[in-house]
Amino acid sequence: MKLVVDIGNTFSKLAIFKNRDLIALHTTPELSVEHIRDLFRATPNIKSAIVSAVRQYDQNINNELKSKIRLFVLNPQTRLPFRVLYKTPKTLGNDRIGAVAGAQDLFPGKNILVIDTGTCITYDMVTAASQYLGGAISPGIQMRLKSLNTFTGNLPLIQPDFDKNIDLIGDSTENSILSGVQNAVIMEVDATIHEYKNRFDDLKIIVTGGDNKYFDRTLKNNIFAAPNLVLSGLNKILDFNESN
């Protein structure tokens, strides 16, 4: 058994893998040492782990893991199963690295565009020759809605509505905001996919992240939805480092 710890902007995830299969997933707003201890009491046969974080966290978590098993912490020195051509690799987010590794595991030897729809919408391009080129970072849906409320005097804070089709012409302030955010995001992502397809032959499109179901339902382009892509990619990176 292997443990993948993914500390994100909003939630932390504890994923247990058996070989390549995800067999258990626990999510918490704030990860603590007690979560680790509880996990090992319930699953004592974990042999190794990888920790990936996009923000600061309690380093006692690493110490607790090191006292029990072999631990890898994803950082700029970690060996990766692809070549990074990004000009600033030290600033490359661990979530983007994990997503690319997971994408390669799904479609080896293919040109792949990974779109992660979380706090930010990120685009990451990896080629059939296993070269990571980079991509783009854009505000996510929640961030756009919050910014309209924060940086204006009168616009209310609106929650996204993923269950209905938003009309292009908003007939109220709330619907105008939803159209300006949700409809515009879909147009933006579709247009970005179109431009990548013009550059790369036989391009595979993978969408992951917290809002992936909404994008899977509304995007015009043919995509592959993979909600646990980052976790699977981190598991692949763990395997890669254990075997090298």
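Observations on the model:
- Of the helices (runs of 4 or more DSSP H) contained entirely in the range 178-244, those carrying at least 3 residues that are of a type in the set (S, T, N, Q), out of contact with any Cys (no Cβ under 7 Å at 6 or more places or on another chain) and surrounded by 14 or more Cβ atoms within 10 Å (Cβ to Cβ) fall at 229-242.
- Those residues of the range 129-149 which are in a loop (DSSP other than H, G, I, E, B) and either outside the structural domain of residue 193 (by TED's automatic domain parsing) or surrounded by fewer than 17 Cβ atoms within 10 Å (Cβ to Cβ) (or both), in sequence order: 129, 130
- Set side by side, the residues 191, 225, 184 differ, and just one is among the aliphatic types (A, V, I, L, M) and under 15 Å from the mean Cα position of the chain (by Cα), which is 225.
- Test result for residue 209, in contact with a Gly (Cβ under 7 Å, 6 or more places away or on another chain) and at positive phi: yes
- In the range 110-127 there is no residue that is outside the structural domain of residue 5 (by TED's automatic domain parsing), closer than 18 Å to residue 232 by Cα and either in a helix (DSSP H, G or I) or without any contact (Cβ under 8 Å) to a residue 24 or more places away in the chain (or both).
- In the range 139-162, the residues that are touching a residue at least 24 places away in the same chain (Cβ under 8 Å) reach residues that are of a type in the set (Phe, Trp, Tyr) and assigned to a helix (DSSP H, G or I) with C-beta atoms within less than 7 angstrom, at least six apart or across chains, in these pairs: 162/214.
- Any hit, the range 222-237, residues being among the basic types (Lys, Arg), in the same structural domain as residue 115 (by TED's automatic domain parsing), closer than 18 Å to residue 119 by Cβ and in contact (Cβ under 8 Å) with a residue 40 or more places away in the chain: no
- Of everything listed in (1) buried (at least 21 other Cβ atoms within 10 Å of the Cβ); (2) out of contact with any Leu (no Cβ under 8 Å at 6 or more places or on another chain); (3) more than 29 Å from residue 45 (Cβ to Cβ), the single unmet condition for residue 109 is (1).
- For residue 66: the one exception among (1) touching a helix residue (DSSP H, G or I) at 6+ places or on another chain (Cβ under 8 Å); (2) modelled with pLDDT of 95 or more: (1)
- Check on residue 97, in the same structural domain as residue 1 (by TED's automatic domain parsing) and touching a residue at least 40 places away in the same chain (Cβ under 8 Å): no
- Looking across the range 20-58, the residues that are over 29 Å from residue 103 (Cα atoms) and part of a loop (DSSP other than H, G, I, E, B) come down to 32, 44, 58.
- Residue match in the range 67-90 (condition: in a helix (DSSP H, G or I) and exposed (fewer than 12 other Cβ atoms within 10 Å of the Cβ)): yes
- Hey, residue 160 modelled with pLDDT of 95 or more and in a loop (DSSP other than H, G, I, E, B) or not: no
The values are calculated or read from the model by the stated rules, or taken from the named source; none is laboratory data. As the structure is a computational prediction, the values presented were derived from the model and not from experiment. Please note: Cβ atoms are built from the backbone with ideal geometry, for glycine as well, and neighbour counts cover all protein chains shown.
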